[in-house]
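Below is one structure; the comments refer to it alone.
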Amino acid sequence: MSFYKKYGTPMLQGLLFITTVITTTLSGAEWIGSGSIFYSEDYSFDDFLSGFYFSIPFLGILTVHEFGHYFTARWYKINVTLPYYIPFWFQVPLIGTMGAVIRIKEGIKSRKEFFDVGISGPLAGFVVALGVLYYGFTHLPEPEHIYTIHPEYQEFGLDYKDKVYSYEYQRQYDSINFKKAYPDGKFEALSSYPVIALGSNLTFQFFEKYVVTDPSKIPNVYEMMHYPWLFAGYLALFFTALNLLPIGQLDGGHVLYGLFGFEKHKKISEFLYYALIFYAGIGLISPTSEFTEILWHVPLYLAALYFLFGRLDRSPIDKLLIAVFILTGQFLISFYDPTIKGYLGWLVFAFIIGRVIGVYHPPAYYDKPLSLQRKILGWISLIVFVVSFSPTPFNVKMNEKKESESAQASVACNRQSELKALALPCPELKNTSREPM
């Protein structure tokens, strides 16, 4: 046996793991406030080491999850690989990885095996995530800790949240940083500045209400990612919920198949797939938009939905009718209350499920129903999904520049009905996408 055949795969897995440790540590250091290795002139090894406060708990949870699958598969003598970690980092403070996967090299024979292998990973990871969150919420620093990450907030005191998440402040801060980096350059403000907030879930709400002794220490949702143990725990819950979605061949899909069998799984999984897409797209086609926009957005959206349904066991007419039904329901909700919004990120995940993973589950050779103990465990895992799920896991707020009165009047002049009501002359509209200083 050649050296590569014998040691090539373990060496690749080890290299991917080490690389992922480095990339998650770099990302953690950036979120904590130690700066970027490429953009901070005084970046030190101690700055890099600070990222371990994030990478160790986060990768620890991820590793426990994957080895939960691995050891269960080995228990059943299923040919399975060690985890392949996936590093992911592009000089911006993401999270340094896209997770990890194990490869099962042979077919799983029974419903019980599908169930046990599927449920073991997320439950093991969830237990460790609870420990990480408990430590994080019981060791919160004083509220003034935010000044070590954002010293510019100090001038506002602890009421900073009422001032710093506005377009005016973000523009001023962007200008200061630009002048530091390019003293002779000409600054142009962006038309909008994004601010990212973590969502919420029932587990986080439980810890905030019943575990934290001093509520004033709970970080603002826009700053939660700067607290590494909380951020690691939140991400762990997010990935737990993703894996436990009871659709297709996700871990939750294996659980659903174990509980209900092939035929019922097919119906329930398909319904939940539609429900996920329905929620995700609420507000995408808004009745407040211009009629011409709606006119060309609708067919594009229907085509996208039809594409998402491409691998479903439905006739073309059925797929089109379901797409129309979903669009109509989303439109009616937006017509009733335009403030109700879905989360477009779930459409991306729906694409992965519908076009890559699959909505249906393959039947097992031995399709014997589960024992009562396993059924109870299956329902517990679905409860874990509910308490880990965030409808809007990452909320991006766009602080936009307010239009000038002349720009607003120009927009009004383009609408004939409003023009008659306002009786305004149409001023020339200037480009406001970038504002020079």
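Derivation of every value follows stated rules applied to the coordinates shown; laboratory data play no part. Keep in mind that what you see is a predicted model, and the values were worked out from it rather than measured. Here Cβ is always computed from backbone atoms with ideal geometry, including for glycine, and neighbour counts include all displayed protein chains.
Residues in segment 130-144 near a label at THR213, defined as backbone nitrogen under 16 Å from the 7 Å Cα→Cβ point?
Taking a point 7 Å out along Cα→Cβ of THR213, the residues of segment 130-144 whose backbone N falls under 16 Å are 134-143.
Looking at the square roots a ≥ b ≥ c of the eigenvalues of the Cα gyration tensor of the chain, which shape do they give, rounded for a/c under 1.5, prolate if a/b is larger than b/c, or oblate?
Taking the square roots of the gyration eigenvalues as a ≥ b ≥ c, the chain is oblate.
Calculate the length of the line joining the C-alpha centroid of segment 11-27 to that of segment 374-389, in whole Å.
Computed from Cα coordinates, the inter-centre distance equals 31 Å.
Could you check the spin-label model distance between ASP46 and THR148? Points 7 Å from the Cα along Cα→Cβ, value in nm.
Computed distance between label sites ASP46 and THR148 equals 1.2 nm.
List, in order, the whole-Hz ³J(HN,Hα) value for each residue of segment 13-27 obtained from phi through the Karplus relation with A = 6.51, B = -1.76, C = 1.60 and θ = phi - 60°; use x for Gly and Pro.
After applying 6.51 cos²θ - 1.76 cosθ + 1.60, I find 5, x, 5, 5, 5, 4, 4, 5, 4, 5, 5, 5, 5, 4, 5 Hz.
Once both labels are modelled 7 Å past Cα along the beta-carbon direction, what's the MET98-ASN395 spacing in nm?
2.9
Given 0.36 nm per residue, what is the gain on full extension from THR9 to TYR336 after removing their alpha carbon distance, in nm?
112.1 nm
Residue by residue through segment 294-308, what is 3J(HN,Hα) from phi via Karplus (6.51 cos²θ - 1.76 cosθ + 1.60, θ = phi - 60°)? Round to whole Hz and write x for glycine and proline.
Here the 3J(HN,Hα) series is 4, 4, 9, 6, 4, x, 5, 5, 4, 5, 5, 5, 4, 5, 4 Hz.
Filter the trypsin sites (Lys or Arg not before Pro) in segment 167-242 to those in DSSP coil with at most 14 other Cβ atoms within 10 Å of their Cβ, and list the result.
Listed in order of number, the matching sites are LYS186.
Could you give the length gained by full extension between SER371 and PHE291, i.e. 0.36 nm per residue of separation minus their alpha carbon distance, to one decimal place?
Gain in length upon complete extension: 23.1 nm.
Which ³J(HN,Hα) values in Hz, rounded to whole numbers, follow from the phi angles of segment 42-53 under the Karplus curve 6.51 cos²θ - 1.76 cosθ + 1.60, where θ = phi - 60° and Gly and Pro get x?
Per-residue couplings from phi come out as 9, 4, 10, 5, 5, 4, 4, 4, 4, x, 5, 4 Hz.
Antiparallel DSSP bridges in the chain: what percent, to the nearest 5?
Antiparallel bridges make up about 95 percent of those DSSP assigns within the chain.
Along the Cα→Cβ direction, 7 angstrom out, place labels at VAL127 and ILE196. What is the inter-label distance in nm?
3.1
Classify segment 1-107 as rounded, prolate or oblate, taking a ≥ b ≥ c as the square roots of the eigenvalues of its Cα gyration tensor: rounded when a/c is under 1.5, otherwise prolate if a/b is larger than b/c and oblate if not.
Prolate, because a/c is 1.5 or more and a/b exceeds b/c.
Counting helices only, and only those DSSP H runs with n ≥ 4, report the 222 nm mean residue ellipticity of the chain as the sum of -39,500 (n - 2.57) divided by its residues, in deg cm²/dmol to the nearest 500.
So the calculated ellipticity at 222 nm is -18500 deg cm²/dmol.
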